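We did not get these values from a lab; they are worked out from the coordinates using the rules stated. As the structure is a prediction and not an experimental result, all values here were calculated from the model. Cβ coordinates were reconstructed from backbone atoms using ideal geometry, including for glycine residues, and neighbour counts include every protein chain displayed.
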Amino acid sequence: MSQDKNNIIKQSQLYWSDQLEAHSNQFDSAHFNKDKAINISQYVFCDGNFLLKRWKSFSSPLFCIVEIGFERAINFINTAQHFLNFQKKHPDARLQRLHYISFEQTPLSIEELTHILQQFPQFADVIKPLIAQYPIKLIGCHRLSFNDGQIVLDLWFGDTNQQLNNINGCNDGIADAWFLNTLHLSEEATKEHQTFCDNLSKHSKKQATLSALTTSSLVKNTLIKSGFQVRIDKGYQQQSDILLGELRTLPATEQTKQDLSAPLHQANTSIKDAAIKDVAIIGGGISALCTALSLAKRGNKVTIYTKDNHLGTGASGNLQGALYPLLNQQHDELGQLFANAYLYALNFYKEIDHQYPFAHEFNGVIQLAYDPSSTKKLQKINDANLPEQLLHWITPEITNQLAGVSIDHPALFYPTGGWLSPREVITSLHKKLNEFSNVTIHYHHQINTFSEQPSLHEQQPESTEWLLQAAVTNTLDSTNQLKEYTHNTLVIAAGFDTLTFDQCRAVPLSAARGQVSHIKTNPTLSSLKRTLCHEGYLTPSIQGEHCMGATFKRHDQDIEYRASEQIDNHQKLKKCIANKPWVDSITVNEQAHVGVRCTTRDHFPYVGALTDYNQLKQNYELASSTNKNLTVLSGVYLLTGLGSRGLCSAPLLGELLASDINNESLPLDKNIVKRMQIPRQWINYMLKNKALKD
């Protein structure tokens, strides 16, 4: 991805008439007529795709609509409201969830969108959460959730044709219906039209329907070539004609050789074709619980196994942690991953807090430029020209004002960032999971091994099940007994403990010990108002204590308290904020939390289907260098290597994994997903003809 990709999104400019109608000079037309907008949306898109009729007899739990042109959100609010009404009238229907995917090249600002939608009070139940979650102008996919996941909206910002090409494909397609609201296609570029329509066909499920606000013969003929049966129909109130269609045949595609750099999915395995009902999760941290919640909302049976007597005992058990994204000047795949994950995390935590409150302050993070090296690094990030709502440069004077204490350094300021208590988040997530009868948590269960066995289910005789062997501790006498459990799907979200499993032994993970100091507040330190990040971090007080940290000891898994690291944390703060009485006033005590971060070499976590390493290694050693087959362990997934930014990335990555397990469109660009695939380091070795470890 080129450096300027974050700059391709242009904001739509609207002008308002005396009749409160919006006009766009960009398109030289009335942006909408509020009196007709809903009626047109209903006639062209809802009725044109026979939504209400299809929903009543739909045989799948998920219906997916893909829209080209989100514009003023009229189609979305109308369709979402219909779906909520449908659910109330038909609570026992097979169809339970709506996935609405929309692409927008020139998104409105939140102020313009709010101005428009306030004229439709009848849709308040949808509009209020839409405005609350509406993303800033950042390229890529932004996933929004409504009614506890009953409706999911994916907003793809950026060049429509390019983003449509970057969406992750699914086994048997994505779209049940297409809303072609706006087409960014030239009049002459027939190749562009064909590519666009082929993408529609490629991402369509069998007998997907479409409706469009166009009767262009070029579009019509190209859709026919792409496998759609189309017809022209009268528009609303006999006005401009519209185009209606249905997928009949898939266009012939050439078989391509296996691409070693392509992301691995389980598209051709029996587990993908079966109804996923039984998912085991190994791990008890934030990433495991976020994944469990996303799976539970989809109706999956979820069983969590943790070796400890309570959840969040590892790195997720800190008293406080900073929440802000990992960015860079290029805003490449890594920057986009963390920027979009950060926006999702903010919405996720706010939703959890609304129901089960936890300690937090999202009033901003100050990342200090404390020496020439850090200044150069942060200025490069600032040069990416990302939206000011995400971050902006501040002077030493503003730093002091925002921090509430004297610092005298310039900084990057993340206005919506802040701190939260991972311990309390774990508790809140646990309370949320208790709402679901399909979630079970097993404590004191140390999973030692997992092995493949044939399915015992008569309806799925060819599918795979996984036998888990657990050492279960008796809390009364501390004795262990061995127990066995079977599940058809397995998620390993166990941090560095991932490497204890033979199938995961070669995943290139690193351990990094971190000790966070808990320090008592005092009259000068209590003035700190916002989270400071430097070589470490310092938080405002929570119940009279601050968190100061953290050490970073590579390849160190020891979790015993070290007095020396308490001093190290204070010295880092003194080094970065020198000669300040409030810093010197800090008294270091013996209160601390120690955890082991699980890190990766390239800062990308490992997320997705687990490669069959033994088979990969055997094929690589026996076959020629050009025949390195990549296979996966059917129904086994990893979520690990989140490093020090797990609070930021865990909610979206858990949602991504749940989407993948349930064969849904993923909430990230396929190029980003590719960078997180499990065998990426092994692929690099193979392409360079290097040996793989035993």
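List of remarks:
- Most positive-pole-ward Cα, SER527, SER428, LEU183, against dipole of the chain from beta carbon charges: SER428
- Estimated translational diffusion coefficient (Stokes-Einstein, Kirkwood radius over Cα pairs, 37 °C, 0.692 mPa s) of the stretch 417-553: 169 µm² per second.
- With the charge dipole of the stretch 34-247 set up from +1 on Lys and Arg Cβ and -1 on Asp and Glu Cβ about the Cα centre, the Cα lying farthest toward the positive end among the listed residues ILE167, ILE77, PHE196 is that of ILE77.
- FRET efficiency for ASN385 and ALA189, using Cβ-Cβ distance with R0 set to 30 Å, rounded to 0.05: 0.50
- Within the chain, helix-based [θ] at 222 nm, where runs of 4 or more DSSP H residues each add -39,500 (n - 2.57), nearest 500: -8500 deg cm²/dmol
- Helix 422-433 vs. the chain, principal-axis angle (Cα, 0 to 90°, nearest 10): 40
- Fraction of the pair-distance distribution of the chain above 39 Å, Cα-Cα pairs, percent: 37
- Overall form of the stretch 34-247 per C-alpha gyration tensor (a/c, 1.5; a/b vs b/c): rounded
- FRET efficiency, 1/(1 + (r/R0)^6) with R0 25 Å, evaluated for LYS520 and ALA563 via beta carbons: 0.90
- Residue among ALA359, SER463, GLY536 farthest towards the positive dipole end of the chain, charges placed on Cβ: SER463
- Peptides 319-332, 108-121, 404-417 ordered by average Cβ neighbours within 10 Å, highest first: 319-332, 404-417, 108-121
- Using a Förster distance of 25 Å, the FRET efficiency for ASP308-ARG505 (Cβ separation, nearest 0.05): 0.65
- The long axis of helix 74-89 is offset from the longest Cα principal axis of the chain by roughly 80 degrees.
- Rounded Å value of the spacing that divides the Cα centres of the stretch 286-346 and the stretch 104-160: 23
- Dipole in debye (nearest 20) - the chain, about Cα centre, beta carbon charges: Lys, Arg +1; Asp, Glu -1: 440
- Neighbour net charge for HIS442 - beta-carbon separation under 12 angstrom, K R +1, D E -1: +1
- Exceedance of the 23 Å cut-off in Cα-Cα distance is limited, within the set LYS307/LYS350; LYS307/LYS432; LYS137/LYS529, to LYS307/LYS350; LYS137/LYS529.
- Difference of contour (0.36 nm per residue) and Cα-Cα distance, SER373 to ASP47: 111.4 nm
- Degrees separating the helix 124-133 axis from the principal Cα axis of the chain, which is the longest one: 50
- Shape analysis of the stretch 130-184 places it in the oblate category; the axes a ≥ b ≥ c from the Cα gyration tensor give an a/c of at least 1.5, with a/b not above b/c.
- For the pair ASP92 and SER406 in one chain, pulling the backbone fully straight at 0.36 nm per residue adds 107.0 nm over the alpha carbon distance.
- At full extension, HIS115 and THR440 could sit 112.5 nm farther apart than now, given 0.36 nm per residue minus the alpha carbon distance.
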